[in-house]
Every structure is written in C-alpha cells, then in structure tokens.
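Since the structure comes first, as structure tokens, the remarks are kept for the end.
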Amino acid sequence: MATEAPLAVARGVSGLSMFAAFVLKEAKHVLRDRRSLLILLGLPIVMMTLFGFALSNEVKNTNFVVLDRAPDASTLGLTGRISESNYFTFAGRVQSEAEINDRFRRGDARLAVVFPADFEHDLRHLGHAQIRLVADASDPNTASTVSNYAAAIVAQYQAELAEGSVGPGAIAVETRMLYNPQLKSSYMFVPGVMTLILMLLGAMMTSVSIVREKERGTMEVLLVSPMNPLILIIGKAVPYLVLCLIDVLIILLLSYGLLDLPGGANLPLLIAESLLFILTTLTLGLVISNLVQQQQTAMFVSLVGLLMPSLVFSGFMFPIENMPLPLRVISHLVPTRWFYLIASNVMIKHLGFAAVIQPTLILAGMTLVLLFIAWRTFKQRL
Amino acid sequence: MSAVVVDGLGKAYPRASSKALTDVSFAVDRGEIFGLIGPDGAGKTTLIRILTTLLLADQGTASVLGHDVVRDFRAIRALVGYMPGRFSLYQDLSVAENLAFFATVFGTTVEANYHLVADIYSQLEPFKTRLAGKLSGGMKQKLALCCALIHAPKVLFLDEPTTGVDPVSRKDFWGMLGRLREGGITILVSTPYMDEAARCDRIALVQKGQIIALDSLAGLVESHATETYAVSGERLFPILNDLRAYAGTRYCFAFGREHHLVLKPDAGGPEAALAYLRGLGHQTASIRAIRPNVEDVFIDLIHEQGQ
C-alpha cells in the first residue's frame, strides 16, 4: 500500500521557532490573566510582609511597669536600662501587686519589674540582691521571651556593676544567639517563605496551565499536530521558570531592603540553587498535570498534596529532629526539606557551596527522577 | 486509493455499559465529503478520535492515507487537519494570534499558506484583533476551520462543526467545505443534523456504535423507499397519540407541522388510517404520500435494527 510522506514544510520550520511560538503564546496567557499574574507576583510580597512584620514572634516595644517601693540610684538605673532597650517601653509605676494584675488584665503591660524595698542596700552590702520579674503568661511563648530578654538586661547591668567594684566579680552568664544575635526572627523566615512560595507557584501554576489545555480541548488539537510533545512540555515550563526567578528576586529585594537581612550571603550560589529547586517544582507540576484531568484537581493536589507536606516536613515550622522516626524518614523524600536546608545555610549562615553539596545533589537527583516520571507518564493520546 | 480505511473497529470505554463502537468498517474515497450522521452518543466522536490517533481502538485496524493509526500516528498527525467538537482554540488569544500560533505548530506560516484560508479568513479579517473567546458561534467555527486548514492537510476531520451554529452560518460553512473539496481535500465530517446529509457525497448512518447504512443520499433514499405518508390536521398532538395507538401503524413521528407515518403491510393502506382518524373525531385530518427524506430513512433503519 502506498503511503504519503509527511509535509516537507513540517521539517522546513525548525523546532526552535515552534518552541519560541509556544513560549510567546504561554507568556500572553500569563500576561492577559490579571488574576494569576497578581497571585504570581503578589504572593511573595504578601507572604514576606506577613511573615516579616505581622507574624513576627519577635518581642518589640513590650510595655512594662515597675513596682518600686523605695526608688534609689540602682533601681532607677536598672529601670532606665530596661526602658532604653528596643524590646521594652516604660509604661509607668504601680503601687501594689494588685495593680500589676490590673494592668495585665487591661492588657497594657506584659511585664512587671518588682524591686524589694532594700534593693540598693542588699546589692552594696550583701553583694547580691533580689529582683522579681512578673510576666503575663497567658501567652506562654511571649512571656518566656519577654522575661528572658529582661533577665539578660539585668545580668548585663549586674556585670557592669561588678566591673566597677573591687572584690570578687559577680558571675555573668553570657548567652549568645548564633547567626541571629539579636534573636531577630523576621529574616529567619525568609528561607522558609521562599521555599514555600517556589513550591506552591512552580508546581501549581505549571500543572494548572497544562491541565487547562486538556480541559479546554486545545490539547487535542496540539496532539494532532507534528509538534513534538517535548516542545509543549518545555514551552510550558519556561515562562513559569522566569516568573519564579522574578519571585526569587522580589524576595531577595524585600529581605535586604525591608527586613535588614545581613549581607554576606553568596547570592549567585543562592540564585543557582533556587533555579535548581524551581526546576524540581516545575517537574513536579508536570507529573501532576499528567495524572489529572481537571484544573481543580490539579490545584487541590498541588495545595494539599504538596503544600502541606512542604510545610510540615521542611523543618521550617516544626523541627525535624523532634519527629518520630517514620516521619523523619518521610521528610527525606520531601524536596522542600533539602531546599530549605540549602537556603538557610546560604542565606543565614552565609555558607558556601561546599556546605550544601549533599542537599544539592539530592535535589538534583530528585529532579531527574521526577523528569523521568513526567516523561514516562506523558500521554501521546487522550 | 482510499483516503481513510476502517476495518472492524471496536471500542469500549471502561465503566460504560454498552460499547462505543462495534465492528465498524468503511472506506472514504479521496476528495469526497464523507458524512457520519447520527444522534448524540452514537459513537461519532470516538470514531473520529481513533482516526486522528487520539484514541486506541480495542479491535480492528484503521489507516489514514496508508498510515496505520497506531503504528504511524506521527505521520498521520502531520498530514491531517482536525477540528474537535468543542471550540478548541485559545479564547484569550486574538483571531490573528490563534491562526499564527497554529500555523507555527504545524511547521508553516500564515503568509506561506494564506491562499488556503483566504476565502474563509477574509470574513474574519475585520475582527482579527478580537479575542477568540469574544467571537460569535459561527465566527468561532470559521476560525477553527482556518486553523485546521492552515497547514494544507490532505484529510480534514471535522467533529460536529456546525453544532450550535445559526442556520445561515451553517449554510455558509457547508459552502466552504464544498469549495475545499474542489481543491482536492478529503473531508470526514460528523453531524447530528439530518439535513446536512444532502451536502455530503456519501453518508454513513451511525446508531449505537454501529454503521447501519452507508451510501449516497440518493442511494439510501432509493434503497429504503418505504411508503411514507404525511398526516396533517388540527390538534396535531392528539392525532400523533391516536396514530401511535392505531393497530396498523408501524411507526409515526412528528416532523415539523406534520406527522410522518409508515404503515404495516397488511394495514389496509392510507384510506383505512384516515377513516380511523375521522372515526376518532379528527374531521380535518388529511393524509398524502411523500418521498421519504434522510430522516425517514434513518428512523426506518432504526426500526429495522430494533426488530
């Protein structure tokens, strides 16, 4: 039986121009869909602002009151020292324990500093004196942070006093918070937020955009064409790769510009690692899009199937070390865990490539496996 | 040589109680308009999807331009044009952008093949910056046809191209298909509209996954020239019910402002039927013999199948 050869023109136009047309078309979809664009570019800004400012667990400007029955040089000095710090704001004196209770209930103070009547006398003659810190522990985390900060200020004051005096110096316990000396938490969120945003956008946007073609029937038309499905897959991924990179830049800009993340991180390394992780999330999106038929399912799988494990197993919210063994084992399979490790090592600890080779290789291996799965599950037919 | 050869195709969907296709065989000649005519759910879309290499059949073989639909699916994809039943272009791209995109996907350019679609595209040109999603139903179908034609396909598969399109645009659309056939393109088109059968060179009547007749329209009407009568009168609906209750009726169905009636051979002819109606008080009822149209033939064939 005679057969007819495929059109000569099909070979005349290169795969490259097909690819370019595909990327262009995809870019138009993204740019014309204001809502998606808003999510793509607004999400990092919103999340960074939320985590950086609103959801910060850092204690700043906590109101404190002072119960001081016999003010003297030492009590005034210590009170002044506490109110000078960024963490506390002096909110007046109170006359009794009952009044402290009152202020706490009204919520206009969270800490009370109580000096005994003979504070200075004890300090000068006995060499030690007592001070009581009363914290509003209805929010236990804040209470312990607040009292720790106040205790640190007292210890420092005490150390200064000891330096000036002769005789045996008081022992000052020095607590140093590594990598985050001021215990400033706002920028500690950056690697975690970055991990979550890239995972969510990369996987969800890619899967939804491919599944949209299935749902609207355009996939049928594309399949019945001489175009190699590889062009379709890569053409889909490229615009989202660019968008995710833009998100990385937005996050870095906000971190350094707004959250005062200390400089010194190897930025090219960070961007290269981000690129690798974006590739991981895009291939995850491809796998999802091969397995589902509807946009809603794709979105659901991305949100519940990816975001939840990412949140739980990345180490960003809950320390992995504290998890029971089975969960720790599972956490090894979650790509976000490895990128979170890389990002916090590079961004916060300012480590170089040598320190992140292992997680980088794991992430690269995962990407290759996912790419293989995406390739094998791609359907050439309906 | 035939453009499309289908031999013993069978297809069942998992979870479906009946088969989508059962032992379907036919051949489409080069340069003809071949119509698949049948109601929704008859298996037309399944058949077209198998031929466009989108679905795999469970049984049988099929080839398009000599290429096997399973083994040589890539070759077929480069040679055919396909327009799915649902509007399947990008709604958020403009008319011109859609055409340019599909031209590139098929390895050509709009400029190189403009002459192929000029006839149709000239009507769309005033709206070329409009988004495809904002076009009327008829315009959408014309654009989809342009996109399916831009790469000079040898065979065109159209799945219900005129469903949901107004009568004037439908007529227009069929005019275009006629001109495309003059250009030598083989067209396989499915439609639920019986009246469109007249525009096809040959038609296959599809019912429940089987082809129950295949011929030219004239041939079909001739070979199934059952004596058919048109009954009219006041109070059409009671007449229909009474005719269906009549012992001599083989079948009767509403057709516009009349009923088409086919009688059993031993029923005593139209006179007896008329007398029966008059006896029931339908004084204005009248009955006349007519030439069966494609719909009559189709219903006749379904009745034969049912027995």
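Since every read-out is calculated from the coordinates, none of them should be taken as a lab result. Given the structure is predicted, the values throughout are model-derived calculations rather than measurements. Methodologically, a virtual Cβ is constructed for each residue, glycine included, from the backbone with ideal geometry; neighbour enumeration extends over all protein chains shown.
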Item to check | In Hz, Karplus ³J(HN,Hα) per residue of the range B:73-81 (6.51, -1.76, 1.60; θ = phi - 60°; x = Gly, Pro) | outcome: 4, 5, 4, 5, 4, 7, 9, 10, x
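Mean residue ellipticity at 222 nm from the helices of chain B, using -39,500 (n - 2.57) per DSSP H segment of n ≥ 4 over the full residue count, to the nearest 500 deg cm²/dmol?
-10500 deg cm²/dmol
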Next on the checklist: Relative contact order of the range B:101-208, please, whole-number percent, based on alpha carbon pairs below 8 angstrom and at least 6 residues apart.
Outcome noted: 27
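Would you please give the FRET efficiency between A:L275 and A:T89, computed as 1/(1 + (r/R0)^6) with r the Cβ-Cβ distance and R0 = 60 Å, to the nearest 0.05? The partial results should precede the final answer.
Working: r = 45 Å, r/R0 = 0.74.
Given R0 = 60 Å and the Cβ-Cβ separation, E is 0.85.
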Item to check | Interchain or long-range residues, amide H under 5 Å from A:F88's placed H | outcome: A:N61, A:T62
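Please give the calculated 222 nm ellipticity per residue for chain A, where each DSSP H segment of at least 4 residues contributes -39500 (n - 2.57) and the sum is spread over every residue; nearest 500 deg cm²/dmol? All intermediate terms of the calculation are to be shown ahead of the outcome.
On the way: 15 runs with 227 residues, N = 382.
The helix contribution divided over chain A gives -19500 deg cm²/dmol.
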Next on the checklist: Once you place label points 7 Å from the Cα toward the Cβ at A:H332 and A:R35, how far apart are they in nm?
Outcome noted: 4.2
Item to check | Proxy reagent accessibility, fewest Cβ within 10 Å first, across A:M323, A:M188, A:M194 | outcome: A:M323, A:M188, A:M194
Checklist entry - Just how large is the dipole of the range B:2-222 about the Cα centre, in debye to the nearest 20, putting +1 at every Lys and Arg Cβ and -1 at every Asp and Glu Cβ? => result 500
Checklist entry - Can you list residues whose amide H is under 5 Å from B:A204's amide H, if they're 5+ apart or on another chain and H is modeled 1.01 Å from N? => result B:G35, B:L36, B:I37
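Any of A:K25/B:K134; B:K19/B:K140; A:K214/A:K236; A:K236/B:K11; A:K379/B:K11; A:K236/A:K379 with alpha carbons more than 24 Å apart? Name them for me. Walk me through the intermediate numbers first.
Details: A:K25/B:K134 18 Å; B:K19/B:K140 32 Å; A:K214/A:K236 13 Å; A:K236/B:K11 33 Å; A:K379/B:K11 19 Å; A:K236/A:K379 16 Å.
With Cα atoms farther than 24 Å apart: B:K19/B:K140; A:K236/B:K11.
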Item to check | Crossing angle, helix B:294-306 versus chain B [Cα axis fit, 0-90 degrees, rounded to tens] | outcome: 70
Checklist entry - Once both labels are modelled 7 Å past Cα along the beta-carbon direction, what's the A:N266-A:A155 spacing in nm? => result 3.4
Checklist entry - Hey, got the average number of other protein chain Cβ atoms within 10 angstrom for residues in B:46-53? => result 2
Checklist entry - Taking +1 at the Cβ of each Lys and Arg and -1 at the Cβ of each Asp and Glu, which of B:A78, B:Q91, B:Q123 sits farthest along the dipole of the range B:77-149 towards its positive end, judged by Cα position relative to the Cα centre? => result B:Q91
Checklist outcome for this item: Most packed first (mean Cβ within 10 Å per residue), the peptides A:342-353, A:68-79 order as A:342-353, A:68-79
Checklist outcome for this item: Phi-derived 3J(HN,Hα) across the range B:30-37 with the Karplus relation (6.51, -1.76, 1.60, θ = phi - 60°), rounded Hz, x for Gly and Pro, is 5, x, 10, 9, 10, x, 9, 10
Checklist entry - Simple spin-label model, 7 Å along Cα-to-Cβ: A:F353 to B:S25 in nm? => result 6.7
Next on the checklist: To the nearest 20 Debye, how big is the dipole of the protein assembly as shown about its Cα centre, given +1 on the beta carbon of each Lys and Arg and -1 on that of each Asp and Glu?
Outcome noted: 640
Item to check | Relative contact order, percent, the range B:1-115 [alpha-carbon distance under 8 Å, six or more residues apart] | outcome: 23
Next on the checklist: Taking θ = phi - 60°, what integer Hz values does the Karplus form 6.51 cos²θ - 1.76 cosθ + 1.60 yield along the range B:243-248, in sequence order, with x for Gly and Pro?
Outcome noted: 5, 5, 7, 5, 5, x
Checklist entry - Packing-wise, with mean Cβ within 10 Å as the measure, how do B:220-226, B:39-45 rank, highest first? => result B:39-45, B:220-226
Next on the checklist: Using only the alpha-carbon atoms, how far is helix A:73-84 inclined from the longest principal axis of chain A? Give it as 0 to 90 degrees, nearest 10.
Outcome noted: 10
Checklist entry - For the range B:2-222, with the dipole built from +1 on Lys and Arg beta-carbon atoms and -1 on Asp and Glu ones, taken about the Cα centre, which of B:A198, B:A100, B:M139 lies farthest toward the positive end? => result B:A100
Checklist entry - Counting other C-beta atoms within 10 Å, which of A:V146, A:V23, A:V211 has the fewest, and how do the rest follow? => result A:V23, A:V146, A:V211
Next on the checklist: So if I place +1 on the C-beta of Lys and Arg and -1 on the C-beta of Asp and Glu, and nothing else carries charge, what would the dipole magnitude of the range B:227-291 be about its Cα centre? I want it in debye, nearest 20.
Outcome noted: 120
Item to check | Farthest toward positive dipole pole in the protein assembly as shown [+1 Lys/Arg, -1 Asp/Glu at C-beta], among A:I320, A:Y240, A:I362 | outcome: A:Y240
Checklist outcome for this item: Shielding of B:69-79 by other chains, given as the mean Cβ count within 10 Å, works out to 4
Checklist entry - Roughly what angle does helix A:15-32 make with the longest principal axis of chain A, taking Cα atoms, 0 to 90 degrees, to the nearest 10? => result 50
Checklist entry - For B:Y251, which sequence-distant residues (separation of 5 or more, or a different chain) have an amide H within less than 5 Å of its own amide H, given hydrogens modelled in the peptide plane? => result B:V262
Checklist entry - Once you list every other residue whose beta carbon is under 14 Å from the beta carbon of A:H29, what net charge do they have if Lys and Arg are +1 and Asp and Glu are -1? => result +2
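Summarise the partner chain shielding of B:87-93 as one whole number: the mean count of Cβ atoms from other chains within 10 Å of each residue's Cβ. Each step should come with its number before you reach the end.
On the way: counts 3, 8, 4, 8, 2, 6, 4.
The per-residue average across the peptide is 5.
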